[in-house]
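Everything below concerns the one structure shown next.
The values are calculated or read from the model by the stated rules, or taken from the named source; none is laboratory data. What you see is a predicted model; the values in this text were computed from it and never measured. Virtual Cβ from ideal backbone geometry, glycine too; neighbours counted across all protein chains shown.
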Amino acid sequence: MRWDRRAEPEGRSFNRRLGKLIAERRTAAGLTQAELAQRIGLNARESMSNIETGDRMVRAWDLCQIAEVLGLGVADFTDAAYVRRTVEP
């Protein structure tokens with residue numbers, strides 16, 4: 001397989017998948033970005049927006065807090081993000 005410098009780095013694509021999962025689960029819980037950001041101690045809704053779009057890497061502590069607020073485990077996010085990597089083109 002040839003390396004394509006236009007391809008998205010693996011870490012970046014994982015961040016996007018993880019962010020999408022966070023957004024889906026946050027929405028299902030009936031929370032806004034601002035509400036979730038406040039509950040986990042982020043300074044602004046913009047930070048949550050950047051996490052959900054994959055523009056900001058999710059720190060382990062933030063992911064633990066997000067999972068707790070949403071009543072989920074960290075593995076609910078990381079395992080699902082990995083599965084999407086192996087299934088989605």
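Taken over the stretch 27-62, the criterion of being under 15 Å from the mean Cα position of the chain (by Cα), polar (S, T, N, Q) and over 19 Å from Arg16 (Cβ atoms) is satisfied by Thr32 alone.
From the list Gly73, Gly30, pick out the single residue that is at pLDDT 95 or above and more than 19 Å from Ser13 (Cβ to Cβ). Can you show your working first?
Working: Gly73 fails: at pLDDT 95 or above.
The unique qualifying residue is Gly30.
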